[in-house]
1. Quick one: which of 284, 245 is more than 22 Å from the chain's Cα centre (by Cα) and assigned to a helix (DSSP H, G or I)?
2. Taking the range 143-163 as the region of interest, how many residues are in contact with a helix residue (DSSP H, G or I) (Cβ under 6 Å, 6 or more places away or on another chain) and closer than 24 Å to residue 108 by Cβ?
3. Could you tell me which numbered condition residue 207 fails, if it satisfies all but one of (1) closer than 22 Å to residue 147 by Cβ; (2) part of a loop (DSSP other than H, G, I, E, B)?
4. Checking residue 275 against (1) part of a helix (DSSP H, G or I); (2) in contact (Cβ under 8 Å) with a residue 40 or more places away in the chain; (3) farther than 16 Å from residue 111 by Cβ, only one condition comes out false. Which one?
5. What about residue 176, is it out of contact with any helix residue (DSSP H, G or I) (no Cβ under 7 Å at 6 or more places or on another chain), closer than 18 Å to residue 118 by Cα and touching a residue at least 40 places away in the same chain (Cβ under 8 Å)?
């Protein structure tokens, strides 16, 4: 559709009559792509094409619901195939901007990698990266498989009365926010699954490494005041010890290395095959980010010794 708009303008000699706009052709194309890519019909078409190819041409049954919360454009997709039913929460990548805004930056390889890493660590949804079928190369959809029995901390505080069992999971989530240099610690972006295991389902990228653990290990989840009050009963050292035990338990360092290898061999390869546009060189950007993550990890280990 976006390509069709550009072709109509070109065929009608629009750019000959308004020659001064030729220099802005890329901006015009980018704006049309971005505005169209965030329409729900475009997301649906992309998701259907992607999963049909993933299922090697088999025709699953798709149904779609509106995403009711969050500022990022997105939908909820249910896929029925043979005897299985899977539900995916599909949204645009974070730097696509808010759903009402057509402007965006290039893709951030760090954001996409963190989604894959959270999955490999067992603290994030199983992820697929469908690319736009329209033609925009600076746009990415993120499809997260529904987490069994998942409940956000926002739901926990609204629906339950006893929050003591959620303190350790909350500290563990905050640990990952610090180590991975990610932000948006909101009660609707984090939650628990089976056995109250911690999950992060949304975030934004930060640029700062952990330089001072006392300052940068923020022990607050926005709008989770009741759980925050219980965290306050723990000393900072106790919180760090919980953090370090958690990082060791999930095998953070080893699984990060495994995730990097998987990401480069699979996801990065697919991105390059689709000629996606990234804000920086993706190999250098990823290497620099991993260095920051490992430096952050060492800060926690050093503090606990």
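The values are calculated or read from the model by the stated rules, or taken from the named source; none is laboratory data. For clarity, every value in this text was computed on a predicted model and none was experimentally measured. Glycine gets a Cβ as well: all are built from the backbone with ideal geometry, and neighbour counts include every protein chain shown.
1. On the way: 284 fails: more than 22 Å from the chain's Cα centre (by Cα).
Being more than 22 Å from the chain's Cα centre (by Cα) and assigned to a helix (DSSP H, G or I) holds for just one of 284, 245, which is 245.
2. Total meeting the criteria: 0.
3. Exception for residue 207: condition (1).
4. The single condition residue 275 does not satisfy is (1).
5. Working: out of contact with any helix residue (DSSP H, G or I) (no Cβ under 7 Å at 6 or more places or on another chain): yes; closer than 18 Å to residue 118 by Cα: yes; touching a residue at least 40 places away in the same chain (Cβ under 8 Å): yes.
Considered against the rule, which asks whether it is out of contact with any helix residue (DSSP H, G or I) (no Cβ under 7 Å at 6 or more places or on another chain), closer than 18 Å to residue 118 by Cα and touching a residue at least 40 places away in the same chain (Cβ under 8 Å), residue 176 comes out as yes.
So that you can scan it fast, the table gives a plain yes or no per residue for (1) over 23 Å from residue 206 (Cα atoms); (2) modelled with pLDDT of 95 or more:
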position	(1), (2)
138	no, no
156	yes, yes
166	yes, yes
177	no, yes
183	no, no
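Residues are listed down the side, and each one gets a yes or a no for (1) modelled with pLDDT under 95; (2) touching a helix residue (DSSP H, G or I) at 6+ places or on another chain (Cβ under 8 Å); (3) crowded, with 19+ Cβ neighbours inside 10 Å:
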| site | (1), (2), (3) |
| --- | --- |
| 209 | yes, yes, no |
| 215 | yes, no, no |
| 235 | no, no, no |
| 252 | no, yes, yes |
| 264 | yes, yes, no |
| 271 | yes, yes, yes |
| 281 | yes, no, no |
| 288 | yes, no, no |
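Let's see how each residue does on (1) farther than 19 Å from residue 298 by Cβ; (2) not in a loop (DSSP other than H, G, I, E, B):
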site	(1), (2)
155	yes, yes
169	yes, yes
173	yes, yes
177	no, yes
211	no, no
241	no, yes
